[in-house]
Amino acid sequence: MSQLKRILAIMMAGIMLIGITACGEPSDEASSTVGETYETKDALTENTKEEAAVTEEEVDQYIILTDEDGNPYDLGGMEIIIADWWSSGEEEEAVSAYDEAHQEYLDWIQKTYHFTIKQQAITSWGDVPEDFVNYATTGGEENYIFTLYQGSALTSALMSGLMYDLSTLDCLDFSEDKWETVVTNLMTIGDATYGMRGILHEATAGIYFNKRLLEESGIDPDSIYELQANNEWTWDKFEELCQQVQKDTDNDGVIDQNAMTNFTSTLYPAAVFSNGGEFIGKDENGYYNALESDATLEALNWALDMIDKYEMIYPEDAEWDYTYTAFANGEAVFTCAESYKAGEWSDMEDDFGFVCFPMGPLMDHYVNYAHDNVYVIPSCYDEDKAWKLAFVYNLYTDPVPGYEDSETWKSGYYQSFRDTESVDETLAIMVNSGVPMNEKAINGIDMGSDLFWSISKDNTPAQKAESIRNTWQSYIDQTNSQ
């Protein structure tokens, strides 16, 4: 398919050039009105001949995929649903040239290959795992491509043989750039691949900052973007800023302007992965415990120290998610949160920015953890049906002809963030730098109760890791044996 895409790009460029040339030419009637010279007429005649020649050879902007008999693949009118828990199933109104081109492309593939497709909620978020298992076990007449979120239920379903082995379907090539490799690797066991994602990784945890509070502390908010761009946005730089912004303005011994407010279940994993650590690793032998690795323990100890020094003290009656309210109210300068939170701060009075989580001392690039949704075909379907569903999903997620190198994914983010740097610089890094959270694949592990909510200066990460070592190993062994 990559070769086809290169051909499409060349064809689209030619077609666009033809359109521009045609629009730029006056008609013969208009030319005679202004009394053009014979040289102009000759030039017009030659241009018209060249255009006609190109038009005769011109083919459609889309490439038709054909079967062994040379006919377009015919899916027999299949009604295909990408099943999730949030989509309406209705076609959204086009608001841009890309939206129009995308819908034209979808209309074309459905007409050409004789099928229909839509994304539609068939369940709720909480019922997804059970509903998929029930369907994949009993079967049905529907044509579903299921959307599943990462977690132990996903792994259990995979290990139970409820997902079709996509590597056996020759219409898919997971070496293509469009496939999210973190998902492909997560869903691959040996030579078999059971899940896919043909769209970009969704950016997760980074650092939000309050621009007004930074400026009042003598810090130019744009300087943080400069640090990020220069690959100098590190733990040390972050702490320097925390030291500078945290203040006891009335000298009463109580901090009045806090440096940080964080949800620790977001901060801890962000810190660990930013240092090249992980909680659970995966290699050719399966999953293994990485909690006691140097990179992971260093990150957890650093995060604990930062909380001890710079985290705001919450009111006794505060809600569990008060950290987000505190940031929105301007009670702290920084917070570690995921990219989607920007959309929940539309009413925030102060402007905010967003950068990647700073690099730990063992890293030379930025990363963010990935827990992207996975798309699977239930194993209850026969080979013919599975092939057709995979064929359609591949087409459905292909770049729109003419927009192969576009950055249309940014449009939705622009509506949530307050500056373009958050999207053009930060998210542009993050969508290409996801790393897997293998702990989500291990049934029995609960990162909150097992680790995040119990580590402290008195119960260090190393002590906690030792205390749960055997328990975690039993969970890992059970997963690896399935």
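Anything in segment 317-329 that is open to solvent by 40 Å² or more (accessible area, probe 1.4 Å) and either in a helix (DSSP H, G or I) or in contact (Cβ under 8 Å) with a residue 40 or more places away in the chain (or both)? List them, or say none. If the condition is that a residue be open to solvent by 40 Å² or more (accessible area, probe 1.4 Å) and either in a helix (DSSP H, G or I) or in contact (Cβ under 8 Å) with a residue 40 or more places away in the chain (or both), then Asp321, Tyr322, Thr325 are the ones that fit. The lone criterion from (1) closer than 30 Å to Tyr113 by Cβ; (2) exposed (fewer than 15 other Cβ atoms within 10 Å of the Cβ) left unmet by Asp347 is number (1). Quick one: would you say Leu172 is part of a loop (DSSP other than H, G, I, E, B) and either more than 30 Å from Glu68 (Cα to Cα) or open to solvent by 70 Å² or more (accessible area, probe 1.4 Å) (or both)? Taking the combined requirement at face value, the residue does not satisfy it. Selection of strands (runs of 3 or more DSSP E) fully inside segment 71-149 by the criterion of at least 2 residues being among the aromatic types (Phe, Trp, Tyr) and either at pLDDT 95 or above or open to solvent by 30 Å² or more (accessible area, probe 1.4 Å) (or both) returns 143-148. Name every residue in segment 180-236 that is within 17 Å of Asn438 (Cα to Cα) and touching a Cys at 6+ places or on another chain (Cβ under 7 Å), in order of residue number. Correct list: Ala205 only. Here Tyr208 does not fit the description of being touching a residue at least 24 places away in the same chain (Cβ under 8 Å) and either open to solvent by 30 Å² or more (accessible area, probe 1.4 Å) or not in a strand (DSSP E or B) (or both). Looking at this structure, is Met363 surrounded by fewer than 19 Cβ atoms within 10 Å (Cβ to Cβ), farther than 30 Å from Gly140 by Cβ and at pLDDT 95 or above? Answer is yes for this residue. Per the conditions (1) farther than 30 Å from Ile377 by Cβ; (2) at pLDDT below 95, the sole criterion not satisfied by Thr234 is (2).
The values are calculated or read from the model by the stated rules, or taken from the named source; none is laboratory data. These figures come from a predicted structure and were not determined experimentally. Heads up, the Cβs are rebuilt from the backbone with ideal geometry, glycines too, and the neighbour counts pull from every protein chain shown. Keep in mind that these areas ignore ligands, DNA and RNA; they rest on the heavy atoms of the full protein, side chains included. Shrake-Rupley method; radii C 1.70, N 1.55, O 1.52, S 1.80 Å.
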